[in-house]
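None of the figures in this text is laboratory data; all of them are computed from the coordinates on show. The model shown is predicted, which means the values in this text are computed figures rather than measured ones. No Cβ is skipped: glycine too gets one built from the backbone with ideal geometry, and neighbour counts run over all protein chains shown.
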Amino acid sequence: MIRSYQRSLINRPCLLTNNKIKVTVKACDISEGGLGIEVDAGVPIAKNEEVNILMEDFDINSAAQIVWINKEGDTLRAGLQFL
């Protein structure tokens, strides 16, 4: 996969919300265009779904679209693109 933006590894909590959920997730990496997250596999998220991301220590409060999801055991890894 060719990325449009350089990603930086981070390990920070952030709040993911939409009309169905409000959950704290772990942000794993970040770039100018998006965010990689990890969340418990029981959290109901879906590819192409629009969510809001709040990460206060990075001054981010942005809409994002879930562009991919991979299940790794009891964890979901997901890639979000800022809108």
Legend entry - Segment Ser4-Asp57, extension gain: residue separation times 0.36 nm, minus the distance between their alpha carbons: 16.7 nm
Legend entry - Rg/Rh for the stretch 3-83, where both radii come from Cα atoms and Rh is the Kirkwood radius: 0.92
Inset, instruction - Quickly rank 71-81, 26-36 as a protection proxy: mean count of other C-beta atoms within 10 Å, highest first. - result: 26-36, 71-81
Inset, instruction - Please give the residues of the stretch 53-80, grouped as numeric ranges, whose backbone N is less than 15 Å from a label point set 7 Å along the Cα-to-Cβ vector of Ala46. - result: 66-69
Inset, instruction - Could you tell me which chymotrypsin sites (Phe, Trp or Tyr not before Pro) in the chain are loop residues by DSSP with no more than 11 other beta carbons within 10 angstrom of their beta carbon? - result: Tyr5
